[in-house]
Each structure stands twice: as structure tokens, then as C-alpha cells.
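Working notes, structure below.
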Amino acid sequence: MPVIQQIYNKFYDHLVELRLWVLLSLICAYLLISWALFVWAGETELTSDPVVFLYFASTTASTVGYGDLSPATEAGRLISAIWFVPGALLIFTAVLSKLTSSLVQGVRRMADGRGNFKSLSGATVIIGYHSDRTERMITDLIAGRDNDTRIVLLATSAEVTVPEGVRFVRGDRLDTLETLKRAGVEHAEKIIVYTDSDAETFNTCLAIRELSGDVHVAAYFGDRDTARRATKLAHVEAVVSSATETLVRAAQDPGASRVIMALSSATHNATIYSCILEGACHFPTAKVEQQLLSVNAVLLAVGQSGENDVSFKPFPSDLRGGTTVYYVAQQRFEPEAWSRLMENLDAEVLA
């Protein structure tokens, strides 16, 4: 008896919650009983073809009622009035209610930061929230014309303000693997880490590397030694505040701060961008500079593959494949434009 009672209680709970399997079972049972009753009533036009019967049931349930199909016998009409139409309306209402409830719950989960973006690929993930900086950061990303249309913000607070279209994930901690997975870190294109402390940023960078070994990560640190360790151990691009250096430069060279801010801006007309020289051959630096000038860009610095520091003029005479080229231009090169420039370089090298 206790077993039967437990089964009944379980079924009752699922029925009250209108679980999907219960709803599907009720629909199947209703259709089978209705079909049997119409067969008994001699409604051959409705029951001879399963597709026709399903069409009749769906138009009746949705109250569309085209009128092209209807019971022809007295018994069929009586069955339709007493059983079929009330049952169809009841099931249609239940299905509509279930769909609406699921949709509302999904929207609410997204708004509360409980969404799951594990399958989202090519996104820009921002980890950490600062009311006075993060929104500007997102605005700069969108304005940077770098295809940053899929942005995910991961934060511990529910009180966040972000532009429309930005996906939001909330977690108790920022450095847990499951929370980072929900934010889409595994398949992200790039990640920005800016938390409340260097320790949390450092741990988050290490956790990111557990999930993805090749995604580009830019992380902000207040301490230079912690930034150096993060660069070495987590292989991230560590950014340390240069406010004091900029202040000194502004005092030494009046107007220098304006240039520094313009070069580091994500929205200014002329700013710094980077691309990688692809291929296994060596490229004459003079040819690289010439090609950049042909598209109104200026070579600013180069970062040879495997080296941590960048080089300014005088540049090495040759740049090998894998070298990162930093250039100043009015706008970022689109992938097609950079591919054409690389083809021109290859042609000149071969010549």
C-alpha cells in the first residue's frame, strides 16, 4: 500500500505541475479515445485517414474551425458536442499555458542572470562588473566595429545596468568552472577580466585556462608583480594602470596625454590595431611598411613570435611569420582587407 500511495503522490505532483510527459500522455489518450468513439459512430470521413483526423482535431482545438470537416451522423455530432470539443479546448488551453509558462520562466531566468550560454560561440565575455566602467567598456566594444555583437557579462551582483542585447550571467563566484561555462568561456573569441581584486582576477584567469587554452584573455591588475605572474602562468595579456606614467608624461611633454588617450581609445578616429603576419617565410620590414602605407596605415611596433616585448623603430630588417604587427589607422582592417595585403606581401616576397 505505501508503494501505491507513493506512486499516486508522484503522479499527482506531476499532474499538478503539468509535466511534459503527463501532457503528452493526456493528448495521446484523448486522441485515441476520440478516434475510437468516432469510428463507433460511423464517421468514416474523419477516421479513415490519420492525417485528416489530426487536422480536424487541431482546427477544433484551436477554435479556428474552417468548416471543411464536421461530423455527419447524429451520434458523431453528439460525441463532438459532449466530449470532443470540450476536451480539445481544455487540452489546447493546457498546452498554451505550458508554453507561456516556459517562455516567461526562460525570460525571467535570463533577466536574473541564470541563463546558460555554454553553446554560444565567438562571443566576447566580460568578467566582473563596475558601475562606472563596465557600461562604457561595452559601449566601446560595440563601437569598435570588431563584430562584437555577442557580448556576455558575468558578475556576482544582480544590480547591473548594461545596453540592450548584452547577455547576463550571475554567479556566487567568478572563478568557478561551472559559472564560467555558463558564460560561454569555452567557446569565446576573447575575454576581458576586470574584477574587484587582483587575487580574484588571477584565480579567474587560471580557471579560464582550464576551460580554454587558446582564447585571448585581457586582464586588469593593480599590482605589476601579480600581472607579471598572470602573464607567465595563465598566458594572459595583463594590463596595469598607467595613470601615473601618463601624468608624468603630461607634465614633461605638454599635450602628450591627449595623444596617449587617442591611441588607446576604442572609438577615436585614429588608434592602435594589431594583426598577425601569416605564413612560414620572412617578410622584409620595408615591404610591410610600404603595404601599410598604401592603405593609409602606419607601422608602430612589432612583436616577434615567442618574445614578450614589442620593438619600435629601428625595426628588425625581416619579420618572420607569426609576428604581430601593431599599426595606427583610421579604422581596423577587415579580414578581407588584411588577406589582400598578405597576398600582396607574399607576391613581393616571391618576386
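Can you work out which of the residues in the stretch 122-145 that are open to solvent by 60 Å² or more (accessible area, probe 1.4 Å) and out of contact with any strand residue (DSSP E or B) (no Cβ under 9 Å at 6 or more places or on another chain) is farthest from Val185 (Cα to Cα)? If you could, list the steps in order and put the result at the bottom.
The first filter runs over the stretch 122-145 and keeps only residues open to solvent by 60 Å² or more (accessible area, probe 1.4 Å), leaving 131-133, 135-136, 139, 142, 145.
Now restrict to residues that are out of contact with any strand residue (DSSP E or B) (no Cβ under 9 Å at 6 or more places or on another chain): 131-133, 135-136, 139, 145.
Working: Ser131: 22, Asp132: 24, Arg133: 21, Glu135: 20, Arg136: 22, Thr139: 21, Arg145: 21 Å.
Result: Asp132.
Just for the stretch 283-313: of the residues that are modelled with pLDDT of 85 or more and of a type in the set (D, E, K, R), which one is least open to solvent (accessible area, probe 1.4 Å)?
Among those that are modelled with pLDDT of 85 or more and of a type in the set (D, E, K, R), it is Glu289.
Identify the single condition in (1) open to solvent by 20 Å² or more (accessible area, probe 1.4 Å); (2) more than 16 Å from Arg133 (Cβ to Cβ) that Ala183 does not satisfy, given that it satisfies every other one.
Among (1) open to solvent by 20 Å² or more (accessible area, probe 1.4 Å); (2) more than 16 Å from Arg133 (Cβ to Cβ), the lone unmet condition for Ala183 is (1).
So how many residues does the stretch 142-167 have that are farther than 20 Å from Phe333 by Cα, modelled with pLDDT under 85 and out of contact with any Leu (no Cβ under 7 Å at 6 or more places or on another chain)?
Count: 7.
Being more than 24 Å from Arg173 (Cβ to Cβ) and not in a loop (DSSP other than H, G, I, E, B) narrows it down to one residue among Ala301, Ala218; which is it?
Ala301
Filtering the stretch 65-79 down to residues that are modelled with pLDDT under 80 and more than 14 Å from Glu45 (Cα to Cα), which residue is surrounded by the most Cβ atoms within 10 Å (Cβ to Cβ)? Can you show your working first?
To start, the set of residues in the stretch 65-79 that are modelled with pLDDT under 80 comprises 65-70.
Checking which are more than 14 Å from Glu45 (Cα to Cα) leaves us with 65-66.
Details: Gly65: 13, Tyr66: 10.
Only one residue tops the list, namely Gly65.
Listed here are the residues, each with its yes/no results for (1) part of a loop (DSSP other than H, G, I, E, B); (2) among the acidic types (Asp, Glu).
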site	(1), (2)
Leu153	no, no
Asp172	yes, yes
Asp175	yes, yes
Thr179	no, no
Thr195	yes, no
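Would you mention how many residues in the stretch 160-178 are closer than 17 Å to Thr134 by Cβ and either open to solvent by 60 Å² or more (accessible area, probe 1.4 Å) or not hydrophobic (A, V, I, L, M, F, W, C) (or both)?
Final tally of qualifying residues: 7.
The values are calculated or read from the model by the stated rules, or taken from the named source; none is laboratory data. Everything numeric here is computed off the predicted structure, so don't read it as measured data. Using ideal geometry, Cβ is built from the backbone for each residue, glycine included, and neighbour counts are taken over all protein chains shown. The area values use the complete protein model at the heavy-atom level, side chains included, leaving out ligands, DNA and RNA. Shrake-Rupley method; radii C 1.70, N 1.55, O 1.52, S 1.80 Å.
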